[in-house]
Each structure stands twice: as C-alpha cells, then as structure tokens.
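What follows is a set of notes on a single structure, which appears directly below.
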Amino acid sequence: MSESDLLCQMFEAWRDDINSVPFPQFTTLVIPPQPSRAHVDACRSRDARKENVMNPTHWNRGHL
C-alpha cells in the first residue's frame, strides 16, 4: 500500500466520521434580536442626561 493510498483512506474515514455527526436543527432563533445603533445611541444619550442631572459633580467617574 502506498503512502497516498493510506492518506486517502484516512481522509475518507475522517470525512465519514465528520458526516456521522448530525447538524443541529434550530426550530427557533436562539440569539435574541439586537438593538439598532440608533436605539443604543438614544439610550446612551438619555442615560448621560440623567447622570448629569443626578450626579452633577461626576464624582464616581473621577472628574470634578
């Protein structure tokens, strides 16, 4: 048996092994919908306005 025959047999065995594993079937989307960039920016600016009103000295962020 030549080396190339052995490599071909090993490759076929590897491919059969990979193909024997069932691919998962997802009935529902597992990843929740992601917010849009505009929504994230709006929330951040709203939170920043709240922070400036609630904490005008910004003492917890290290500024004065």
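The values are calculated or read from the model by the stated rules, or taken from the named source; none is laboratory data. Just so you know, these numbers come straight off a predicted model, no measurement behind them. Accessible surface areas use protein heavy atoms only, side chains included; no ligands, DNA or RNA. Shrake-Rupley method; radii C 1.70, N 1.55, O 1.52, S 1.80 Å.
Remarks
- Sorting ASP41, ASP16 by solvent-accessible area of protein heavy atoms yields ASP16, ASP41, largest first, with a 1.4 Å probe.
- Sequence of CYS8, CYS43 when ordered by accessible area, the most exposed leading, probe 1.4 angstrom: CYS8, CYS43
- Additional length obtainable on full extension of the chain from SER45 to ASN19, 0.36 nm per residue less Cα span: 4.3 nm
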